[in-house]
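So the structure is just underneath, and the comments pick up after that.
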Amino acid sequence: MSWARTLALALRTLRRNPLRSLFMLLGVAVGIASLVAMASVGEATRQETMRQFKRMVGTFDRISIQPGSARTRGMPSLTSVEPTLRFEDADAIRAEVPNVRRVSREQSAFDIDVQARDKTATTSIWGISAEWMEIRGDDVTVGRGISPEDVETLARVAVIGEDLRKELFPDEDPIGKTIRIAEVPFTVQGVLVPRGAGPGGSSLDNLLLMPVSTASKRLFNRDYLTTITVQLEDPARYEQAVAAITALLRERHGIVPPVEDNFTVSNPRAAMEQVQEVDTTLSAVLVGIAVIATLIGGVVIMSLMLIAVSERRREIGVRRAVGATRADVLRQFLVEAALISALGGIVGVLLGVAGATVAAFQQQLSPVFLWGAMGGAVGLATLIGLVFGLQPAWRAANVDPIQALRA
Amino acid sequence: MIELEHVVKTYQREDGTPVPALRDITCRIGAGEFVTIRGSSGSGKSSLLNILGCLDTPTSGAYRLGGEDVSRYTDQERSAVRARRIGFVFQAFNLLPRTTAVENVEVPALYSGGDVDRGKALALLKRVGLAERSNHFVTELSGGEQQRVAIARALMNSPPLLLADEPTGNLDSAVGDSIMELLTDLNREGLTIVLVTHDERVASYAARELLIRDGVLASDRAQPRRPSLHAATEGAAHVVG
Ligand SMILES: Nc1ncnc2c1ncn2[C@@H]1O[C@H](COP(=O)(O)OP(=O)(O)O)[C@@H](O)[C@H]1O
Ligand SMILES: [Mg+2]
């Protein structure tokens, strides 16, 4: 029997047994739908994490050095860190470590009250080098950023984040206005381009930048840093740079292992890889669940087919009697299984896309559809039908026509 | 057309004990004959017919169909013989459910290697008197109508030989008679028919009767046809196709 005719016959059989066909189709569709949905959600999550991470750390060519051992957690603040990281450490890194492009010195403090005329807000304050914005890839929407002259002259100038602008200057141009921090007046000279939300969903736009020299000498009166950020010429060789910085700081701080370092050198690439690893594991679990669902679809196909084969023994007997070979019968049942599974796969993809869209909407992610993978999913469904249809089809092919036709 | 020589069929029970169904059958059936095989239940009629129909192979002995020894054919080769050279009619009709009359008639054409000729299937339905019922599902047909569809199906690939196992067994006698008349007509148009029955009345339609008893041919005799049945169909058209 030709393939075209086998296919036509399979279609007719499936159409004339709508209930059985529906259950077979749903069995496969549910599995494929979960596979597609899980893969889409997983991919959307991964991409979103990457985006957020990039937003938080800027580009991936940076190493950051913070005071305290690696066990120290959280964002470093002037009020909580050990006073071990000095301005001179940053100068030494700039002068002695190869492959360094820019170095930024930072002093940060959180939950600081600031005032602009009658309004008060709570924000985080970052004393920074002029290089900071370039290292991070930040920019201003209006005004200008912190310049080398600002740092040089200990200028009392501020660049503010969008959240702070909204709070302090909702309906006016902030440029040239005064913000008072602990009674020290600063002139607003720029507003940062909004960064959006970081991991966890909190805003990254509630902050105030000023020259690190001003922060150190005119505001906080502290001569240690909370972070040194190093931008590399060649990010590919970050491991050597980390090693060189570590060696230099140990020497400067008089630390000889096994004494614990009083600083921590980290790089966003490593952190990113860690995040991605967690993410990948999560995706793998989701996909694993979906694969199991898909296999269950296969088992559904197999059981319904086995029932169908025993119900259709007489039909098989008739076909054999009028000339069908075993191969004809095998092929007929296999094609039926593959066809209904492929249809189930298509329905599953549609359901999966719908499910992923709803899930993405709820999670406030933009849905990601791997169209190539969806073609693969339909292929997988067909394969599942073939594999799980094989045993029932084999059984059908081996029905003894004499037994089957006995009245 | 059919030559059986010392055909033996011995089944094997589950526990391994042999069940002799056919002991030593030797006979010939010529092209164009209408033969009944009559015997009581369990005498081996179906066993014999299954061998004639290439559904089963003899344990020993030879079966030649049109001169070829088909008793040693492989399963696949026997399928091809069934597809092109043999038509089957069963007691239980054995039409496919959820399938229309004409689709049932077409089934053998799927396995004969040629095209599926819907026109021929419709012509065959017309020949058995069911032109109006072509697109009915089989569940909408009476028993007699179903058996007519089955006969049309058996003729789809124009086989020279038709085998029928108790074709009237599930029908009341008036309907059974009409089926027998149809078969008689087909035989007069040249079709070779071998029909199994336990019923003397049915057997009387054929020109020759083989009596089988405990797996052995007990008698082989010619008998006069029932004259009243043939007057009307004398000189009938050839079987379609
Ligand atoms: N597959 C089989 N296995 C074992 N014994 C069988 C089988 N088929 C038929 N028989 C036995 O062979 C004998 C002949 O059976 P069968 O040819 O069906 O007789 P009939 O059709 O004349 O009633 C019976 O005794 C029956 O029980
Ligand atoms: Mg019988």
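The values are calculated or read from the model by the stated rules, or taken from the named source; none is laboratory data. Only a predicted model underlies this, so the values are computations on that prediction, with no experimental measurement involved. In this analysis, Cβ positions are derived from the backbone assuming ideal geometry, glycine residues included, and neighbour counts consider all displayed protein chains. All accessible areas refer to the heavy atoms of the entire protein, side chains included, with ligands and DNA or RNA removed. Shrake-Rupley method; radii C 1.70, N 1.55, O 1.52, S 1.80 Å.
The single condition from (1) within 16 Å of ligand 2 (Cβ to nearest atom); (2) touching a residue at least 24 places away in the same chain (Cβ under 8 Å) that residue B:23 fails is (1).
The residue list B:16, B:32, B:61 contains one member that is away from ligand 2 (no atom under 16 Å from the Cβ), in contact (Cβ under 8 Å) with a residue 24 or more places away in the chain and assigned to a loop (DSSP other than H, G, I, E, B), which is B:32.
Within the range A:118-129, being surrounded by 19 or more Cβ atoms within 10 Å (Cβ to Cβ) and outside any strand (DSSP E or B) holds for one residue alone: A:129.
For (1) within 16 Å of ligand 1 (Cβ to nearest atom); (2) touching a Phe, Trp or Tyr at 6+ places or on another chain (Cβ under 6 Å); (3) modelled with pLDDT of 90 or more; (4) at positive phi, each residue gets a yes or a no:
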| position | (1), (2), (3), (4) |
| --- | --- |
| B:140 | no, no, yes, no |
| B:166 | yes, no, yes, yes |
| B:175 | no, no, yes, no |
| B:182 | no, no, yes, no |
| B:212 | yes, no, yes, no |
| B:223 | no, no, no, no |
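Candidates A:174, A:185: the one that is in a strand (DSSP E or B) and farther than 23 Å from residue A:103 by Cβ is A:185. For residue A:368, the conditions (1) in a helix (DSSP H, G or I); (2) among the β-branched types (Val, Ile, Thr); (3) within 27 Å of the chain's Cα centre (by Cα) are fulfilled apart from (1). For the range A:18-38, a tally of residues being within 13 Å of chain B (Cβ to nearest Cβ) and either free of Cβ contacts under 8 Å to residues at least 12 places away in the same chain or open to solvent by less than 20 Å² (accessible area, probe 1.4 Å) (or both) returns 3.
Quick grid of which residues meet (1) open to solvent by 10 Å² or more (accessible area, probe 1.4 Å); (2) on the phi > 0 side of the Ramachandran plot:
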residue	(1), (2)
B:7	no, no
B:10	yes, no
B:15	yes, no
B:19	yes, no
B:22	no, no
B:38	yes, no
B:47	yes, no
B:54	no, yes
B:57	yes, no
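For the range A:361-407, a residue qualifies if it is within 16 Å of ligand 2 (Cβ to nearest atom) and modelled with pLDDT under 80, and exactly one does: A:407.
Among the residues of the range B:84-101, those identified as assigned to a helix (DSSP H, G or I) and either facing chain A (nearest Cβ under 8 Å) or over 16 Å from residue B:164 (Cα atoms) (or both) are B:84, B:101.
Among the residues of the range A:76-87, the ones that are open to solvent by 30 Å² or more (accessible area, probe 1.4 Å) and in contact (Cβ under 8 Å) with a residue 40 or more places away in the chain come to 4 in all. The selection criterion, being more than 10 Å from chain A (Cβ to nearest Cβ), part of a helix (DSSP H, G or I) and without any contact (Cβ under 8 Å) to a residue 60 or more places away in the chain, holds for residue B:125. The number of residues in the range B:42-58 being assigned to a loop (DSSP other than H, G, I, E, B) and within 12 Å of chain A (Cβ to nearest Cβ) comes to 5. For the range B:64-83, a residue qualifies if it is within 7 Å of chain A (Cβ to nearest Cβ), open to solvent by 20 Å² or more (accessible area, probe 1.4 Å) and touching a residue at least 12 places away in the same chain (Cβ under 8 Å), but none of them does. Within the range A:366-377, not a single residue is assigned by TED's automatic domain parsing to the domain that holds residue A:10, in contact with a Leu (Cβ under 7 Å, 6 or more places away or on another chain) and surrounded by fewer than 21 Cβ atoms within 10 Å (Cβ to Cβ).
Find the residue count for the range A:343-360, including only residues that are at pLDDT 85 or above and surrounded by fewer than 22 Cβ atoms within 10 Å (Cβ to Cβ). So the answer is 10. Look at (1) in a helix (DSSP H, G or I); (2) out of contact with any Lys or Arg (no Cβ under 9 Å at 6 or more places or on another chain); (3) touching a residue at least 60 places away in the same chain (Cβ under 8 Å); (4) not aliphatic (A, V, I, L, M) and you find that residue A:317 fails only one, number (2). Within the range A:130-145, which residues are β-branched (Val, Ile, Thr) and open to solvent by 10 Å² or more (accessible area, probe 1.4 Å)? Once the filter is applied, which keeps residues that are β-branched (Val, Ile, Thr) and open to solvent by 10 Å² or more (accessible area, probe 1.4 Å), the range A:130-145 yields A:140, A:141, A:142.
No other residue among A:384, A:301, A:402 is in contact with a helix residue (DSSP H, G or I) (Cβ under 8 Å, 6 or more places away or on another chain), surrounded by fewer than 20 Cβ atoms within 10 Å (Cβ to Cβ) and in the same structural domain as residue A:8 (by TED's automatic domain parsing) apart from A:402. When we screen B:167, B:108 for residues that are open to solvent by less than 10 Å² (accessible area, probe 1.4 Å), within 12 Å of chain A (Cβ to nearest Cβ) and farther than 25 Å from residue A:397 by Cα, the only hit is B:167.
Looking at residue A:319, is it surrounded by 19 or more Cβ atoms within 10 Å (Cβ to Cβ), within 14 Å of chain B (Cβ to nearest Cβ) and among the basic types (Lys, Arg)? Yes; evaluated as a whole, the condition is true for this residue.
The requirement of being part of a loop (DSSP other than H, G, I, E, B) and open to solvent by 30 Å² or more (accessible area, probe 1.4 Å) is not satisfied by residue A:218. Of the residues making up the range B:181-193, just one is crowded, with 22+ Cβ neighbours inside 10 Å and touching a helix residue (DSSP H, G or I) at 6+ places or on another chain (Cβ under 6 Å), namely B:193.
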